Amino acid sequence: TIAGYWFPEYLSGVNAAGFHFHFLTADEKTGGHVLDCKAGKVRIGIDYNDDLQISLPKTENFLDADISDASKH
């Protein structure tokens, strides 16, 4: 299974802009980033979502973190 999304450039400070894909093996025990892919017969589903929800930690370390340069990494 491969799941992915597209993130617009104007939100690149929140996440990497463009397409981003992850894979999950059939036994659901391994997964990770897709860097390159060749596929034979596939089934594709598309979900259009115009809602973004972000859950942030409520820990002291996170609340005190200096993330002013985070979009530069």
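The values are calculated or read from the model by the stated rules, or taken from the named source; none is laboratory data. Since we're looking at a predicted model, the values are computed, not measured. All Cβ positions, glycine included, derive from the backbone under ideal geometry; neighbour counts span all protein chains shown.
Assorted remarks:
- Enumeration of residues in segment 51-61 that are within 15 Å of the chain's Cα centre (by Cα) and among the acidic types (Asp, Glu): 51
- Residues located in segment 29-53, provided they are modelled with pLDDT under 90 and under 13 Å from residue 3 (Cβ atoms): 49
- Among the residues of segment 38-50, those identified as farther than 15 Å from residue 15 by Cβ and either among the aliphatic types (A, V, I, L, M) or within 16 Å of the chain's Cα centre (by Cα) (or both) are 39, 42, 44, 46, 47, 48, 50.
- Taken over segment 5-41, the criterion of being part of a strand (DSSP E or B) and surrounded by 11 or more Cβ atoms within 10 Å (Cβ to Cβ) is satisfied by 5, 7, 18, 20, 21, 22, 23, 24, 31.
- Candidate set: segment 54-73, residues that are farther than 21 Å from residue 5 by Cα and among the hydroxyl-bearing types (Ser, Thr, Tyr); chosen: the one surrounded by the fewest Cβ atoms within 10 Å (Cβ to Cβ): 68
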